[in-house]
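Trainee: This is the structure I have questions about; it appears just below.
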Amino acid sequence: MTVAITLIGFSEKFELMAPVVRIIGFMAMIIAAFIGFKTYRDFLDYIKSIESEFPMARKWKTWAYITLLYTVIIFILSLIYLFRKVLIF
């Protein structure tokens, strides 16, 4: 996500390559959202697999939901960025 934000912030500095840099920044944001969603799903699967042995693991679900919230925010920001800066509507 940090790389995506940096690319977006400095895309105007790359005069001829600005559209390409914007697309790369958008793709980096989508990849960050995908990684967040995958982490959320895998963590929930892991919690399900161990919660019978470790009842405390149910409390860890909060962290999975925080990851999901962060992922949704990244995805929404990437869509806003796509429509405002990459596609230029």
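Rule-based calculations on the coordinates, nothing more; no lab input. Note that this is a predicted model, so its numbers are computed, not measured. Counting neighbours? That spans all protein chains shown, and the Cβs are built from the backbone with ideal geometry, glycine included.
Trainee: Mind sorting S49, S11 by how few other Cβ atoms lie within 10 Å of their own Cβ, fewest first?
Mentor: S49, S11
Trainee: Given Cβ point charges of +1 (Lys, Arg) and -1 (Asp, Glu) and nothing else, what value in debye, to the nearest 20, does the dipole of the chain about its Cα centre take?
Mentor: Here the chain has a charge dipole of around 160 debye.
Trainee: Could you put T62, T39, T71 in order, starting from the residue whose Cβ has the fewest other Cβ atoms within 10 Å?
Mentor: If I rank by nearby Cβ atoms, fewest first, I get T62, T39, T71.
Trainee: Match the structure shown to one of the listed values (1) 17.2, 58; (2) 11.9, 34; (3) 18.1, 54 of Rg and Dmax of the Cα atoms in Å, computed from it, and give that label.
Mentor: (1)
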